[in-house]
Amino acid sequence: MNAGVAVIDQSSSGGSELDVRRVRECLAATGQVYVRRVPPDFDHLAQLSRLGQVVPQFDGRIVRDVTPDPAADETVHLPANTRELLAHTEWFEFPGPPPRYQALWCVRQAAGPGGETTLADGYAFVAGLPSDQVKRLAEREYTWRPTAVLARAGVAYECRHPLVEHRPEALVVRVPCDERCVDYDDLMADYIAQARSFFAGHRLAVKIEEGAVLIWDNWRMMHARTGFTDRRRHLRRLLVSAPTHDEPA
Ligand SMILES: [Fe+2]
């Protein structure tokens with residue numbers, strides 16, 4: 001694991017109670033935190049929902065199992081297969097603000113090489129872009145619709161939002177991993193290419209261990225995954241919205 005990953009050892013800090021204050025401090029400082037050695041009775045849903053309101057998946061499920069789907073196309077970059085994923089932020093195409101936090105924990109780690117979750121700081125990425133480009137990225141609103149897969153599943157919406165959004169609570173950096181935007185243009189193409197280049201040079205890699213939880217700020221951090229071969233790899237994912245006004249950020 002890279003030295004830049006913030007680590008909390010749960011066995012020495014709180015047992016089955018997440019130290020939310022420390023988690024928030026790490027998230028505010030680095031955008032991510034790896035909580036290791038959580039006890040077997042750790043209630044992921046109850047503890048992680050202390051960070052904010054849990055956001056259901058499109059199908060209504062609260063916790064999503066991330067496992068390879070035998071039917072998934074292995075020729076493209078898909079969460080459901082075993083290939084490397086491209087850098088992105090979660091739900092960049094979703095109406096409204098994206099989930100603030102994403103948590104992944106491990107049920108079964110992939111044997112052999114690969115299967116790491118990778119992260120890079122989107123705030124540092126945007127800070128390194130020319131100011132006139134950031135201004136255009138904040139002003140240009142794009143139209144987004146669900147992927148064909150989601151549309152077939154009955155998900156329907158159309159929304160508009162920029163790639164860089166200055167919200168009262170914090171900056172939102174959206175990094176698409178494909179061309180599902182309706183009005184994709186050169187401004188977006190350049191931005192995605194720059195984001196991928198930054199990600200390649202700055203990513204941190206974490207192979208999440210069984211009994212560990214990786215949490216990151218999805219408004220700030222880009223994430224991806226390295227390819228793997230062990231199809232028994234099994235992670236679980238939870239999305240959490242931004243804290244409400246009366247909760248500390
Ligand atoms: Fe993702």
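The values are calculated or read from the model by the stated rules, or taken from the named source; none is laboratory data. Since the structure is predicted, the reported quantities are computational estimates derived from the model, not experimental observations. Note: areas computed on protein heavy atoms with side chains; ligands, DNA, RNA excluded. Shrake-Rupley method; radii C 1.70, N 1.55, O 1.52, S 1.80 Å.
Its Kirkwood hydrodynamic radius, worked out from the mean inverse distance over all distinct Cα pairs, puts region 75-185 at 16.0 Å.
Annotation: Cα Rg of region 7-240 relative to the compact-globule expectation 2.2 N^0.38 Å equals 1.00.
Less than 5 angstrom separates the built amide H of Cys177 from none of the residues sequence-distant by 5 or more or on a different chain. Computed from backbone phi with θ = phi - 60° and the Karplus coefficients 6.51, -1.76 and 1.60, the 3J(HN,Hα) list for region 55-68 is 9, x, 6, 4, 8, x, 5, 8, 10, 9, 7, 10, 9, x Hz; x is used for glycine and proline. Ligands, DNA and RNA are left out, and with a 1.4 angstrom probe the accessible area of the chain is 46 Å² per residue. When a 1.4 Å probe is rolled over the protein heavy atoms, the share of accessible surface on the chain that falls to carbon and sulfur comes to 52 percent. Entry note, region 7-240: relative contact order of 38 percent, from Cα contacts under 8 Å with a spacing of 6+ residues. Cα centroids of region 32-77 and region 174-200: 25 Å apart. Close amide H partners of Thr143, meaning residues 5 or more places away or on another chain with modelled amide H under 5 Å apart, are Val182, Asp183.
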